Structure formats: C-alpha cells, structure tokens
Amino acid sequence: MTTDSTTTTIDPNRIPRHIAIIMDGNGRWAKQKGYDRTQGHRQGVETVKEITEHCARLGVKFLTLYTFSTENWNRPANEVAALMGLVLDSLEEEIFMTNNIRFRMIGDNSRLPQPVLDRIKQCEANTSANTKMTMIIAMSYSSRWEITHATRQIAQKVADHTLSLADIDEQTISQHLATNFMPDPDLLIRTGGELRLSNYLLWQCAYSELYFCNTFWPDFNKEELNKAIATFQQRERRYGKTSEQITRQTTQNTPLS
C-alpha cells in the first residue's frame with residue numbers, strides 16, 4: 001500500500017490504467033477569490049503539472065485532460081485568446097522529458113491558431129519516444145464532433161468499397177475515433193461540483209467508473225486524486241456480469257502458489 005506523501009492509502013497494484021479528467025471550476029475559483037478568470041486558468045495549469053507528475057509516479061499509463069471543448073469557442077474572445085496563450089505557455093517539455101511522459105492531442109485541430117498547433121505538433125514529436133505515461137489533452141474536442149468525424153471516415157470507406165456494411169462493428173467505430181491509440185478510461189473524474197459528462201469521451205466512457213467532487217480544479221491536488229483512486233478501488237467492475245461471475249472469474253485467474 002502507498003500514500004506517496006499524502007494521507008489517503010491506495011493499492012499500488014490496482015492503479016487505473018487510464019484516467020480521464022474534466023477540469024472544471026477555474027473561473028469560479030477565480031471569482032471566489034476576486035481574481036480575473038484568466039488567473040483561474042493559470043492556476044489550473046499548475047494543477048495540471050502536479051497531477052500529471054503524480055499520475056506518472058503512481059503508474060497510470062494514460063491521462064486524458066479535457067482542456068478546451070468545441071463549445072468553449074463560444075466564450076468571450078478575450079478569454080479564448082487567453083486560453084490559447086496559456087496552452088503555448090504550459091507546454092513545457094521539461095516536465096514531459098523529466099518524467100518520461102509522451103504528449104498527445106485529440107480534437108479538431110483545424111480550428112486552432114497556427115502558433116498553438118505548431119507548438120502542439122512540436123511537443124508531440126519531441127516526446128514521442130517517451131514510454132512511462134502518455135498525457136493527452138482534448139483540445140477543441142467534443143464527443144459528438146469525434147463520432148461524426150469517425151462516421152464520415154467509415155462512410156467514405158464504404159463508398160470506396162474498401163469496407164463493407166457487414167464488417168462495421170463496435171471495434172470498427174473505436175478504430176476510427178481520435179482515441180484509437182489508447183484504452184478506454186477506467187476512471188473519469190470531474191471537479192467543480194457539476195454532475196455531467198459535457199460531451200466528453202461519451203463512447204469511451206461506456207463502462208468507466210465516474211467520480212465527481214466539489215473541489216475546483218485549481219485546488220485539486222495529489223491527495224484529491226488519491227481519494228478518487230481509492231474510491232475507484234473500492235468498486236466492483238462487473239461489465240454486465242453478476243458479482244458471483246466476477247468472483248468466480250477472479251478465482252479461476254488466480255495462479256496457484
């Protein structure tokens with residue numbers, strides 16, 4: 001068992017392979033403290049660094065962060081510009097290289113300003129050989145955009161006679177999603193007190209364990225993450241089966257000493 005300098009005890013042998021997070025509450029955190037909303041986003045970047053490093057230490061293999069949704073383009077232009085600037089400032093390759101973390105982005109990159117897109121591609125290229133963990137930002141992303149895009153790709157293949165209708169199954173759809181290089185999330189965390197998925201990884205989270213907390217993202221720290229993981233470890237993941245089936249399967253898969 002481990003505490004990693006925090007108080008919540010978690011089992012190091014049952015760490016979620018993939019954690020997805022909806023980082024909510026930056027603006028409300030700033031308002032509560034009398035700051036400009038941009039300051040909330042800046043503090044949120046510091047939380048990203050802390051949580052990313054902690055996940056890598058724990059043995060998480062994939063960390064996906066909802067950074068900017070397609071709906072966020074509807075925010076005031078000055079806030080959007082500030083958020084884009086923060087992306088540029090926050091992509092410090094040192095944190096990725098020091099912790100052996102690979103960086104990836106998923107989302108509609110056609111809408112991103114060219115300097116932001118160039119910086120993202122540079123960071124992806126420079127960290128591509130890192131193997132300890134992959135940190136993914138969902139940028140200009142929404143599940144409905146992603147599924148629509150995948151559907152168009154599949155439809156084009158059917159039209160080109162490179163794929164038949166009879167061959168389309170769940171795996172076909174998964175292979176055409178932006179997340180095709182990683183497993184589905186084991187644990188989805190949303191901070192800030194809201195109880196919805198907000199168009200985030202809807203296909204992928206079909207069997208994810210959901211964890212909601214009231215903590216605003218700038219205040220979400222290692223201890224808060226450990227609490228979420230501890231809750232995850234207390235749950236029984238049945239995937240439609242009964243508890244008895246899961247117990248029997250676990251017993252059968254346990255090697256004899």
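Derivation of every value follows stated rules applied to the coordinates shown; laboratory data play no part. This one's a predicted model, so the numbers in the text were calculated from it and none came from an experiment. Note: ideal-geometry Cβ built from the backbone for every residue, glycine included; neighbour counts use all protein chains shown.
Relative to the current alpha-carbon distance between T151 and T7, full extension at 0.36 nm per residue lengthens the span by 47.3 nm. Stokes-Einstein, applied to the Kirkwood radius of the range 189-228 over Cα pairs at a viscosity of 1.306 mPa s and 10 °C, places its translational diffusion at 145 µm² s⁻¹. Taken about its Cα centre, the range 35-146 carries a charge dipole of roughly 300 debye when the Cβ of each Lys and Arg holds +1 and the Cβ of each Asp and Glu holds -1. Projecting the Cα atoms of N130, T179, T148 onto the dipole axis of the range 124-180, where Lys and Arg carry +1 and Asp and Glu carry -1 at the beta carbon, places N130 farthest toward the positive end. Note on K132: lysines with a C-alpha under 17 Å away, same-chain residues under 8 apart excluded, are K49, K61. Calculated from the alpha-carbon coordinates, the range 16-92 shows an Rg and a Dmax of 13.4, 38 Å respectively.
Is there a quick way to get the dipole size of the chain? I mean about its Cα centre, with the Cβ of Lys and Arg at +1 and of Asp and Glu at -1; what is the value in debye to the nearest 20?
260
Per residue, the convex hull spanned by the Cα atoms of the chain measures out at 170 cubic angstrom.
With contacts taken as Cα pairs under 8 Å and at least 6 residues apart, the range 1-116 reaches a relative contact order of 25 percent.
Applying the Kirkwood pairwise sum to the alpha-carbon positions of the range 91-184 produces a hydrodynamic radius of 15.0 angstrom. When the square roots of the Cα gyration tensor eigenvalues are ordered a ≥ b ≥ c, the ratio a/c for the range 100-252 is 1.5 or more and a/b does not exceed b/c, which makes its shape oblate.
Using 0.36 nm per residue and subtracting the Cα-Cα separation, the extra length available between R235 and M84 on full extension is 50.6 nm. For the range 125-230, averaging the sequence separation of C-alpha pairs within contact (under 8 Å, six or more residues apart) and dividing by the residue count gives a relative contact order of 25 percent. Working note: Karplus 6.51/-1.76/1.60 with θ = phi - 60° gives the range 170-178 the couplings 4, 5, 4, 5, 4, 5, 9, 7, 5 Hz, where Gly and Pro are set to x. Note on D219 and S174: their simple-model spin labels are 3.8 nm apart, each label 7 Å out from Cα toward Cβ.
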